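First the structure, in the form of structure tokens, and then the observations on it.
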Amino acid sequence: MAKDKKVEQITDMEVDFAQWYTDICRKAELVEYSSVKGFTILRPYGYAIWENIQRIMDGMFKKTGHVNVAMPVLIPESLLKKEGELVNGFAPEVAWVTMGGSEQLEERLAFRPTSETMFCDHWHSVLQSYRQLPMLYNQWCSVIRWEKTTRPFLRSREFWWQEGHTIHETAEEAMAETEQQLNCYADFCENVLAMPVVKGRKTEKEKFAGAEATYTIECMMKDRKALQSGTSHYFGDKFSRAYDVTFTGRDNTLQYPFQTSWGSTTRLIGAVIMTHGDNNGLVLPPRIAPVQVVAIPIAAHKNPEVLETVKAILEKLDAAGIRTKLDVSEQSMGWKCAEYEMRGVPVRLELGPRDLENGQCCLVRRDNREKVFAPIEGIGESVKKLLDDIHDNLYAMAKKNLEENTFDLTTWEEVRDMAQGRGGFAHTKWCGSLECELAMKEKAGVSSRCMPLEQSGTTGKCPVCGKECTTDIYWGVAY
RNA sequence: CGGGGUGUGGCGCAGUUUGGUAGCGUGCUUGACUGGGGGUCAAGAGGCCUCGGGUUCAAGUCCCGACACUCCGACCA
């Protein structure tokens with residue numbers, strides 16, 4: 001069939017999931033490789049998705065009192081090195097500036113891999129009193145980490161993100177902030193990206209360099225691998241002490257503030273691709289889709305009324321706050337259908353002479369390709385509802401994938417068999433030892449994803465050493 | 001950083017085994033016909049064959065060396 005022609009350009013996900021992913025990134029024109037390895041160009045369509053993510057997430061941050069700032073991109077080596085764990089954690093992947101013009105620099109400067117140090121340095125100079133706390137900062141920027149191997153959105157040497165950094169008077173406040181922002185990410189993923197998440201805490205081995213506790217949201221991709229999609233860290237007063245950030249407290253003593261940081265990145269776009277995409281291409285959750293409805297007039301040359309009506313409909317949709325696009329190009333019907341499916345546009349609106357007579361238009365949804373005819377009267381409301389239905393259905397399908405591929409297991413052999421088979425998340429008990437965690441990697445081929453915030457409270461046996469323990473934990477193969 | 005794969009018009013590839021004028025599909029341009037799922041025909045434009053050495057009368061093809069992309073590991077968001 002001719003309709004499958006375009007599809008042939010995208011490798012089937014069952015044949016080669018990695019190739020399928022790369023095909024979508026390129027063919028849907030989200031990214032292009034640049035001339036520097038690991039540095040990708042976000043093309044207009046890909047960047048438009050990121051802009052929608054930014055706009056919505058930024059609104060959520062601001063609702064909880066956060067303000068945006070912009071920190072320098074370069075960090076002096078001496079500043080970066082003040083906190084040992086952070087340095088050790090990031091040392092292998094820092095890129096350095098050593099020349100200024102033709103002069104060798106006195107001290108080399110790091111491209112920021114993350115900005116904790118810059119924020120601390122700044123707070124050191126501006127913080128004086130408890131009355132200034134909390135400071136709830138965020139910045140949208142890119143960071144550089146010299147990764148060994150790279151993939152669009154999932155792992156690149158430069159990536160775009162937001163990093164929130166906050167300082168608080170008390171440990172309790174900071175811990176509450178850490179949790180609040182983790183929940184913010186979870187809400188965003190579920191309500192905006194239609195991706196269910198597992199919320200939990202990272203093990204000592206997996207936590208952020210320098211953090212006292214790292215929390216994460218883990219998502220399951222269609223190949224049943226795990227993708228960490230956002231993280232929130234509690235630092236205690238570790239960095240404050242290392243960077244000498246102090247304030248005078250209510251009792252007139254000098255104190256160290258308690259700190260958090262939290263981040264999410266353009267990797268979210270990769271998560272969306274691998275959560276909702278199919279063999280026809282990208283499937284975008286309506287709330288971040290740059291184009292929510294694409295209108296295709298049919299046989300418009302035969303009857304000028306067709307185009308007029310389509311334009312009138314689009315005006316109504318625009319008025320209802322729906323992002324639309326009109327395609328009057330000379331391409332054939334089939335071409336347009338395949339094209340917008342590949343680009344993941346949630347709804348295609350078709351209107352031809354036949355529909356004109358019936359006072360209706362044809363709506364085709366991307367998620368399940370279902371066709372419905374809707375009266376032109378009240379089109380704004382019906383499309384709005386359709387977009388919500390698509391969101392709900394995408395969420396339900398992703399939830400099903402997560403639930404059907406999460407298994408309660410008791411031995412490492414079972415976990416190994418699962419990981420080497422179809423894959424998925426293994427839910428087990430864990431004694432808490434690094435030895436057993438490493439053994440799971442070594443013997444079962446999985447890494448710990450997180451200890452879920454909702455712990456069952458039951459007692460069971462560690463799948464490696466067999467010791468009685470209570471901690472619930474998820475394992476999986478991760479990106 | 002270890003192991004594979006691939007570099008040829010914009011994109012996807014053949015040609016490399018056995019050296020001998022640079023090919024195909026698609027896309028692009030122009031025109032006509034079409035038009036409810038990648039339509040038909042015609043005429044065109046477009047190539048330091050990744051880069052650098054070497055062998056040869058002659059290299060896309062053989063030899064040596066770089067580089068890039070990509071996949072699988074290890075590491076990370």
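Specify the residue that is surrounded by the fewest Cβ atoms within 10 Å (Cβ to Cβ); the eligible residues are those in the range A:307-346 that are under 32 Å from the mean Cα position of the chain (by Cα), in a helix (DSSP H, G or I) and within 12 Å of RNA strand B (Cβ to nearest atom).
Taking the candidates together, the pick is A:TRP335.
Return the pair list, or none, for Cβ contacts closer than 6 Å from residues in the range A:148-164 that are more than 23 Å from A:ASP23 (Cβ to Cβ) to residues that are near RNA strand B (Cβ under 8 Å from one of its atoms), at least 6 apart or on different chains.
A:TRP161/A:GLY263; A:TRP161/A:THR265; A:GLU163/A:GLY263
Could you look through the range A:250-282, keep only residues that are away from RNA strand B (no atom under 15 Å from the Cβ) and of a type in the set (D, E, K, R), and pick out the one that is farthest from A:ARG55 (Cα to Cα)?
Among them, the one singled out is A:ASP251.
Could you please let me know if A:ALA171 is more than 19 Å from A:THR266 (Cβ to Cβ), more than 10 Å from RNA strand B (Cβ to nearest atom) and without any contact (Cβ under 8 Å) to a residue 60 or more places away in the chain?
So A:ALA171 does not fit the description; no.
Please state which one of A:GLU437, A:GLU454, A:GLU442, A:GLU413 is crowded, with 18+ Cβ neighbours inside 10 Å and over 21 Å from A:LEU193 (Cα atoms).
Matching residue, one of A:GLU437, A:GLU454, A:GLU442, A:GLU413: A:GLU437.
Do we have A:VAL97 as within 23 Å of the chain's Cα centre (by Cα) and either away from RNA strand B (no atom under 16 Å from the Cβ) or closer than 23 Å to A:THR275 by Cα (or both) here?
Considered against the rule, which asks whether it is within 23 Å of the chain's Cα centre (by Cα) and either away from RNA strand B (no atom under 16 Å from the Cβ) or closer than 23 Å to A:THR275 by Cα (or both), A:VAL97 comes out as no.
Yes or no: A:CYS189 crowded, with 24+ Cβ neighbours inside 10 Å, within 11 Å of RNA strand B (Cβ to nearest atom), at pLDDT 95 or above and not in a loop (DSSP other than H, G, I, E, B)?
no
Among the residues of the range A:296-303, is any surrounded by fewer than 18 Cβ atoms within 10 Å (Cβ to Cβ), near RNA strand B (Cβ under 10 Å from one of its atoms) and at positive phi?
The answer is yes; a qualifying residue exists.
Would you mind telling me which numbered condition in (1) in contact (Cβ under 8 Å) with a residue 24 or more places away in the chain; (2) part of a helix (DSSP H, G or I) A:TYR474 fails?
(2)
The values are calculated or read from the model by the stated rules, or taken from the named source; none is laboratory data. Everything quoted here is computed from the prediction, not taken from an experiment. With ideal geometry, Cβ positions are generated from the backbone for all residues, glycine too; neighbour counts draw on all protein chains shown.
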